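Some notes on the structure that comes next.
The values are calculated or read from the model by the stated rules, or taken from the named source; none is laboratory data. Remember, predicted model here, so these are calculated numbers, not experimental data. Reconstructed Cβ throughout: ideal geometry from the backbone, glycine too, with neighbour counts over all protein chains shown. In case anyone asks, the SASA skips ligands and DNA or RNA and just uses the protein heavy atoms, side chains included. Shrake-Rupley method; radii C 1.70, N 1.55, O 1.52, S 1.80 Å.
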Amino acid sequence: MVESRRGVRSRIPWERVETFPGTDAALVQRWATAVADAGDDAELAHALVGRAVASYWAAREGVLTSGDVTSNVAATTRAVALARQADDVDLLAAALLGVLYTTWGPEQLSQRPPILAELASARAHVNDEELRLRILEWLVLDRLDHADLDNAAALVEQFTSETATTELVVFRRREVLWRGCIAMLEGRIDEAVAINQDAISRWADVSGSPFSFQNVAITVAIERFFRRGLGDVVDAVRSIRASSPRVATNWDIGLAFTLSESGELDESRRILREIAANGFAVVPRDLNWLVTMQLCGLIALTLDEADAGRNVLDLLRPFVGYDGTHGSGYASYGPVARVVASLAGRWGDVDEAEQWFDVVVHQRPSGPWASLARYDRAVMRAPHRPTEALADVRQAASELRSYDMEAWAERADALELELLRAGHGEPMAELTDAGWRLQHPAGTATIATGVGASYLLTLLAAPHQRVELAQLDPGAPSSSESRGTVTESSLDQHARATYQRRLAELDALGQPSARERDEAEYLRRELAGARYFVATSAEVERARIRVTKAIRRSIAAVSQTSAGLGEHLDRSISTGRSCSYDPVDGAAWLIRG
């Protein structure tokens, strides 16, 4: 409480803004009366802030009970001016906070920085404990809005320290949910859910509005989205929507989102189209407008609703530099730029999409949302920039698995396979019902499974490595058992002839490329360094013949389907007492089986 000229000023009901109570007409009228009865400018400033805060939701619903009171924006603007004249730092802090609370919506996001800067500067001089803590709350929210997690965490620690001995019950343990939000943003998903569940069970009765069931439900829904299990919460969302008529539109959109992600597309489409009518005008432009519109964009993408998607793109563009933060920062829907980029890539300008994807992938802290953005970028790039899409989707799959987001990682794996099958990336051998499907720029062929294919794949996976017989055929003697009188080359006749033929081709080139010069040098080393020996055991020779014949049969089978790939393998594979795959491009094959 703050002493005024005529006594103790009434406490401003700040928490009414960040919760969803019914409009309290009597409360609004009491503050309107306080405005009318103010005895001086300081009392008037305080009353204007109180009336504006009390009527935040009433103003948005068009049910203000006093028709002659000024708008909330005008009221708080006047209160700030009066507080400055009064030279009262606590009153000024209350008035500036009043501006933040009563204009809490998308239009005012860009207007916050100078107000927050002034409050941060004045905070050390503010006497009222509640005002000091509310300033700190807004600073936390601002850092979360900008994905500045390190500074957000530092402010949370400061808040924790300052509330350790507070008697203001509404602030106790509030920092716990911020920790949960930060944990989720950083990819500590299970920890985030546990924090929220523990908070609602332990402190809901003493810790005020932030510890609501809806906050916990939103956190669980984000976890289910990350784990591709939103179907688990459809019934819970229906229940919350039915019990929350004042925010029914928000929960309608939440329901449409869970349905779209769960495959129930018809009902989701119906809800989206109803909400999208008249340019989404039905969505309240309040403190949760931004997160709600993010969901609308994701629904439009899933349902391929072009008109709605283009509309959401236009609506979200001005907020592309923010994260969608729920309420006072107790949950986050991630970067608006990810949604804008996906919408632009589908229905707008690909260059714009690349710009915003780059912001999310490279400029925000790592975490699930950045990894999902990398996957989204791969999806967008696949048709026209497949090589870059392949790099994106592989990194995304690795990152998503590190956050235990296996279902999303499997989606990334599927896109990777699709790109590889289309001929992008390294050569690939994929096990199918028909056998091993070999795909290479030189051609595509399918060969039967068996020892020959097994030997061949071992070589394809390890280019330019000499593989001993015993590594290919466990029944063959090891190389140490095969040394004897030097009378026979370790390169068989076919391999030596192939190397010599290729070297002659390279030597005949007038101006060989750097790669061709490197290849010629490699072949010379191999031919010059081939050692001669005879086996001390006939088993070694039998193993050499057995392995060589099996490999050559597989190559012959490839040639029957693809002469180009067969020729590539014939030229690149040498057999003998050790074998190798020596492709010109040096590329290892990806073996998927």
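Descriptive notes on the structure:
- Within region 414-434, considering residues that are open to solvent by 50 Å² or more (accessible area, probe 1.4 Å) and of a type in the set (A, V, I, L, M), the one nearest to Ala396 (Cα to Cα): Ala414
- A count restricted to region 278-321 and to residues that are open to solvent by 50 Å² or more (accessible area, probe 1.4 Å) and either part of a helix (DSSP H, G or I) or not hydrophobic (A, V, I, L, M, F, W, C) (or both) stands at 10.
- Helices (runs of 4 or more DSSP H) completely within region 1-76 that count 3 or more residues being open to solvent by 30 Å² or more (accessible area, probe 1.4 Å) and modelled with pLDDT of 65 or more: 25-37
- Neighbours by Cβ (under 8 Å, 6+ apart or cross-chain): first from region 97-113, within 20 Å of Val312 (Cβ to Cβ); second outside any helix (DSSP H, G or I) and hydroxyl-bearing (Ser, Thr, Tyr): Leu109/Tyr322
- Among residues that are open to solvent by 40 Å² or more (accessible area, probe 1.4 Å), of a type outside the set (Val, Ile, Thr) and modelled with pLDDT under 90, Glu539 is included.
- Scanning region 561-593 for residues that are in contact with a strand residue (DSSP E or B) (Cβ under 8 Å, 6 or more places away or on another chain) and open to solvent by 50 Å² or more (accessible area, probe 1.4 Å) returns Thr561, Ala563, Ile591, Arg592, Gly593.
- Filter pass, Leu255 being part of a helix (DSSP H, G or I) and touching a Gly at 6+ places or on another chain (Cβ under 7 Å): no
- Matching residues in region 119-131 - criterion: being open to solvent by 60 Å² or more (accessible area, probe 1.4 Å) and either assigned to a helix (DSSP H, G or I) or within 17 Å of Ala79 (Cβ to Cβ) (or both): Ser121, Ala124, His125, Glu129
- Check on Ala453, buried (at least 22 other Cβ atoms within 10 Å of the Cβ), more than 30 Å from Ser332 (Cβ to Cβ) and touching a residue at least 24 places away in the same chain (Cβ under 8 Å): yes
- Meets criteria (surrounded by 15 or more Cβ atoms within 10 Å (Cβ to Cβ) and either under 16 Å from the mean Cα position of the chain (by Cα) or hydrophobic (A, V, I, L, M, F, W, C) (or both)) for Arg394: yes
- Qualifying residue in region 505-516 (condition: at pLDDT 85 or above and in a helix (DSSP H, G or I)): yes
- Qualifying residue in region 166-176 (condition: assigned to a helix (DSSP H, G or I), surrounded by fewer than 17 Cβ atoms within 10 Å (Cβ to Cβ) and either free of Cβ contacts under 8 Å to residues at least 24 places away in the same chain or not aliphatic (A, V, I, L, M) (or both)): no
- Across region 230-252, the number of residues qualifying as open to solvent by 60 Å² or more (accessible area, probe 1.4 Å) and of a type in the set (Asp, Glu) comes to 2.
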